[in-house]
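Encoded as structure tokens, the structure appears first; notes follow it.
The values are calculated or read from the model by the stated rules, or taken from the named source; none is laboratory data. Note that the coordinates shown come from a computational prediction; the quantities given were computed from them, not determined experimentally. Here the Cβ positions follow ideal geometry from the backbone for every residue, glycine too, while neighbour counts run over all protein chains shown. Quick note on the areas: whole protein, heavy atoms, side chains included, nothing else; ligands and nucleic acids left out. Shrake-Rupley method; radii C 1.70, N 1.55, O 1.52, S 1.80 Å.
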Amino acid sequence: MLSRSSFTSLVVGVFAVYVAHTCWVMYGIVYTRPCPAAASAGGGGAAGCVWPYLARRPKLQLSVYTTTRSNIGAESNTDLVLNVEDFDIESKFERTVNVSVPKKTRNNGTLYAYIFLHHAGMLPWHDGKQVHIVSPLTTYMVPKPEEINLLTGESATQQIEAEKQTSALDEPVSHWRSRLTLNVMVEDFVFDGSSLPADVHRYMKMVQLGKTVHYLPILFIDQLSNRVKDLMVINRSTTELPLTVSYDKISLGKLRFWIHMQDAVYSLQQFGFSEKDADEVKGIFVDTNLYFLALTFFVAAFHLLFDFLAFKNDISFWKKKRSMIGMSTKAVLWRCFSTVVIFLFLLDEQTSLLVLIPAGIGAVIELWKVKKALKMTIKWQGLRPKIQFGTYNDSEKKTEEYDTQAMKYLSYLLYPLCIGGAAYSLLNVKYKSWYSWLINSFVNGVYAFGFLFMLPQLFVNYKMKSVAHLPWKAFTYKAFNTFIDDIFAFIITMPTSHRLACFRDDVVFLVYLYQRWLYPVDKSRVNEYGESYEEKQKKKAHRE
């Protein structure tokens, strides 16, 4: 049986191996080994090498067509929406065009974009060396419910219309992707034909020119740039929609990295992640540069490690706890209530699973801690549960007295602020439903004034002149996560109130640190397990 310390060391060791392995894999993605025979051959053909066709500097043209068919063999049934003559692969551009929306697409159909890169002055269908790629310009998603003022109400006609909309809210409808981001790999890189990277290989088209094999320009569509915020609902009355086509060159290393990221996002969707969840992951890649992205990976990895260690030590602390001496029961109850409310709020806001899953795990742990704090036991009498509460000793009653005293003073400030905030939001803010208003009112109270509910524990510490009863190991891991959350607050999409709460927790933890410095641990004092440091030392000496 592994001890706690060895188990923690094992977890940290596995984590270190995982990070090292990930770094090695990332290096293998970014760095591609060139063809060894290319250097000796100079600019000539070398056996086994695949040469870039772009090195011949051909005159190219970019054409974008739209069609309702997923496969086309000729120019028929297509609309030319963009034609860039004398296309320069080195020059970045962005153009907005209006695209005709066919009736089939307006009736929840799909519209495809065919992007051709071909020789200038020729139609793509007549060019044997053209490359093309296909991308749907529409996607299916459940529309976001409209928010209304709950007090002012609506007319009967509006209510009937709203009921019709509500009944169709669960049905996905066609949305227009208003952005199309194109890339061409511009490096004159010579590949080794015997070890072509599998990720790039599926985008490559080979041609035999004399004795050498060339690969045609690698055309790539950046699907990570397709964000939910850019989607537009396609109405049946819509005949034209805007499409912003942007182009930029891309290096081989970034191309390979982007292909892997797109595959990862696709895999998340196959595992059940919604379009919105996948969009949160896309935002991490698209809205940050590669160096900041690498920092984000390490921050996320350490966040997961500290989350696990904090949960583990918190559970271990409360599992062994026999007494509530020095612990604020009110703070435990409030922490449980606030954690559950925050989880329901994040669920109602359809927040990213990256934020939602840890919040859900934390809510379950807080519910279990309430059971321990109140000394609850559940006994079943047939199918009916019977809940019993334990008794408190004199020292615990003294702690409870301090706790109640702190809450009394706190309620004079807290309750009017929460009620006033809920009334203000009801009058001035629009919500999807009464449930949404209730959850938002609770969570705004939690976020804005929740740190006040941590004050009873600070008050108990002040009265007892001790912090020895607190789970400092779990606190330490949570502190690291608090500062990591400050970084995540700017990276992951989340409600503004949840973002501000991350910084609020920093202040509270600093006060706890000040109390730990102010009240040094008395080694003769009995801790929450009924033991003292000096007694432990005596027992250890006796065994020896």
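Structure notes:
- Distance from the alpha carbon centroid of segment 187-225 to that of segment 366-431 works out to 64 angstrom.
- Radius 13 Å from Cβ of L410, net charge of other residues (Lys, Arg +1; Asp, Glu -1): +1
- Among 372-382, 128-138, the order from most to least packed when residues are scored by Cβ within 10 Å on average: 128-138, 372-382
- Cα-only radius of gyration and Dmax that characterise segment 382-442, units Å: 19.1, 50
- Highest-first arrangement of 100-106, 22-28, where packing means the average Cβ count within 10 Å: 100-106, 22-28
- Rolling a 1.4 Å probe over the protein heavy atoms leaves Y409 with an accessible area of roughly 130 Å².
- Cα point-scatterer Debye curve for segment 104-146, base-10 log of I(q)/I(0) at q = 0.29, 0.32, 0.34 Å⁻¹: -0.98, -1.07, -1.13
- Most to least accessible of T32, T391 (protein chains only, probe 1.4 Å): T391, T32
- Heavy atoms of W125: accessible area, 1.4 Å probe, square angstrom to 10: 70 Å²
- Where only C-alpha atoms are counted, convex hull volume of segment 312-438 per residue in Å³: 160 Å³
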